[in-house]
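Written out below as structure tokens is the structure these notes cover.
The values are calculated or read from the model by the stated rules, or taken from the named source; none is laboratory data. Note that the structure is predicted; figures quoted are calculated from it, not measured. Cβ: placed from backbone, ideal geometry, glycine included. Neighbour counts: every protein chain shown. Surface areas here come from the heavy atoms of the whole protein model, side chains and all, with no ligands, DNA or RNA. Shrake-Rupley method; radii C 1.70, N 1.55, O 1.52, S 1.80 Å.
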Amino acid sequence: MTTPPADSALEQARILMQALPHMQRYDDAIVVVKYGGHAMGDDQVARDFSRDMVLLEQSGVNPVVVHGGGPQIGAMLKRLGVESRFADGLRITDGETMGIVEMVLAGAINKQIVGYINAEGGRAIGLTGKDGRMVTAKKLERSDGVDLGYVGEPDKVDTTVLDQVLGRELIPVLAPVAQGPGGASFNVNADTFAGAIAGALGAKRLLFLTDVPGVLDKNKKLIQELKVADIPGLIADGTITGGMIPKVETCMYAIERGVEGVVILDGKLPHAVLVELLTDHGAGTLITR
């Protein structure tokens, strides 16, 4: 006589069955995940995130990770005695600073994330926008005339390298360093970089893992779904303010370039990516056309 499975095993089976339609929906789809904020500094959250990426890849999804690294760059500059200067939140990046930025983003942080994913059984490959001329940048010009130095914005995206990587059990991890005029390195805002990559790949989803639950209404409650057309009005009436404005503008930019949907969610929530993609609940604010 066979022993019936324990309640916990039945619960696990039930959860897997609930995930099945979501797994079918994202089968062979490209999902770009911008990984940043305080979540990057927490070892356990980093390991959970890495497991999520491996599970997605094993489930037939094609994840692409784009990471930032502002706090780590600031810490390294301080350690080396280099002053950090900002203009409206953007780092003024001279030649010396750019060398350190590239070292931290393309070296330390990128390879750390690659190592975490590999440790969880995945096969991650670390790249920057310079590899294969993936992202060519132009200098970011400000209307007030402030010179930000080697700070760029995406001009062209060539997906040749990513096309060779995706679908081959490899998880690309991208640092937002791009090649500018004359071969110079340019620091690109990671959100903007992720939006450009997701648009060029025609990603089904672009997920922004942030330090907040998503877009909040005036009562500080989560807005679960937004249309692009809703956003200008929410900015005008003061619902969307501060650092959330450039984030939703990047969401609009990505959708205009072909991304089906963009989600802003809290990266500190355990397994936030899986909750968003593979359950009925969702985990943040979904923005669509």
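Data overview
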read-out	value
Residues located in the range 77-107, provided they are of a type in the set (D, E, K, R) and under 24 Å from the mean Cα position of the chain (by Cα)	D88, R91, E102
Search result, residues across the range 237-267 that are under 26 Å from D48 (Cβ atoms) and surrounded by fewer than 17 Cβ atoms within 10 Å (Cβ to Cβ)	G243, E260
Answer from L226, L209 - the residue that is out of contact with any Pro (no Cβ under 8 Å at 6 or more places or on another chain), farther than 30 Å from Q12 by Cβ and among the hydrophobic types (A, V, I, L, M, F, W, C)	L226
Pairs, first under 13 Å from N187 (Cα atoms) in the range 58-71, second among the aromatic types (F, W, Y), C-beta under 6 Å, six or more apart	H67/Y35
Filtered residues of the range 149-176 (kept if surrounded by 17 or more Cβ atoms within 10 Å (Cβ to Cβ), part of a loop (DSSP other than H, G, I, E, B) and out of contact with any helix residue (DSSP H, G or I) (no Cβ under 9 Å at 6 or more places or on another chain))	none
Filter pass, V212 being more than 18 Å from I197 (Cβ to Cβ) and of a type in the set (A, V, I, L, M)	yes
Residue that is crowded, with 16+ Cβ neighbours inside 10 Å and either modelled with pLDDT under 80 or of a type in the set (K, R) (or both), where the choices are G41, G37	G37
Tabulated pairs, the range 74-86, first of a type in the set (S, T, N, Q), second open to solvent by less than 100 Å² (accessible area, probe 1.4 Å), C-beta under 9 angstrom, 6+ apart or interchain	S84/I73; S84/G74; S84/L77; S84/R91; S84/I92; S84/T97
Residue list for the range 62-89, filter: crowded, with 16+ Cβ neighbours inside 10 Å and part of a strand (DSSP E or B)	N62, P63, V64, V65, V66, H67
Matching residues in the range 114-148 - criterion: being open to solvent by less than 20 Å² (accessible area, probe 1.4 Å) and on the phi > 0 side of the Ramachandran plot	none
Residue list for the range 111-169, filter: of a type in the set (K, R) and in contact (Cβ under 8 Å) with a residue 40 or more places away in the chain	R123, K130, R133, K138, K139, R142
Matching residues in the range 50-61 - criterion: being out of contact with any Pro (no Cβ under 7 Å at 6 or more places or on another chain) and open to solvent by less than 10 Å² (accessible area, probe 1.4 Å)	S50, D52, V61
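Residue-wise test of (1) part of a helix (DSSP H, G or I); (2) more than 17 Å from L207 (Cα to Cα); (3) β-branched (V, I, T).
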position: A19; (1), (2), (3): yes, yes, no
position: Q24; (1), (2), (3): yes, yes, no
position: V31; (1), (2), (3): no, no, yes
position: A46; (1), (2), (3): yes, no, no
position: L56; (1), (2), (3): yes, no, no
